[in-house]
Amino acid sequence: MASLADCNREISELMIILKKEIKMLRVGNFQNIHQASLQKSERTKLLAANIAQLELGNKLDSNAYRQFLIPRLAQLKSLSRENGLLLRSVLRGVKSAGERIYSFKNQEANVGAYGRQGKALSFEEQPMSKEKTF
């Protein structure tokens, strides 16, 4: 049967994992992110199961819940939000870098020049003849 101490232990473990992941994301160390996400998933399931057992066993009096669990869960929620924002930012950065690399790979080999009226002229390589044309 789960107790408040079990819930507190799971919350503490989740907070430690989140803090480590936040640190990794801030310094750009993405090698262990997958492992941290698996640990977060496992700990979240255990916490949910412990809270469900407390509620089912009617061992959770409202005073203890309000005084102990709600503040700890609020701290966990705050860390989770920070972690989510960092993960979202990293995802956007990776997508942006991928789009930039794609644009470089698919950019035509153009050399720019200007005509007498100042209009841009471009020279493109003809794939069949290997000659530069206007």
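Checking each residue in segment 1-23 for being exposed (fewer than 15 other Cβ atoms within 10 Å of the Cβ) and of a type in the set (A, V, I, L, M) picks out 1, 5, 16. Which of the following residues is at negative phi, under 19 Å from the mean Cα position of the chain (by Cα), of a type in the set (Asp, Glu) and part of a helix (DSSP H, G or I): 10, 21? Exactly one residue qualifies, and that residue is 21. Looking at segment 76-86, can you tell me whether even one residue there is modelled with pLDDT under 80 and of a type in the set (Lys, Arg)? Looking through segment 76-86, none of the residues is modelled with pLDDT under 80 and of a type in the set (Lys, Arg). Could you grab me the full set of residues in segment 24-47 that are loosely packed, with under 12 Cβ neighbours inside 10 Å and in a helix (DSSP H, G or I)? Passing the criteria: 26, 27, 34, 35, 38, 41, 45.
The values are calculated or read from the model by the stated rules, or taken from the named source; none is laboratory data. Bear in mind that the values here come from a model prediction, so they are computed numbers and not experimental data. Positions of Cβ are generated from backbone atoms using ideal geometry, with glycine treated the same way; all protein chains shown enter the neighbour counts.
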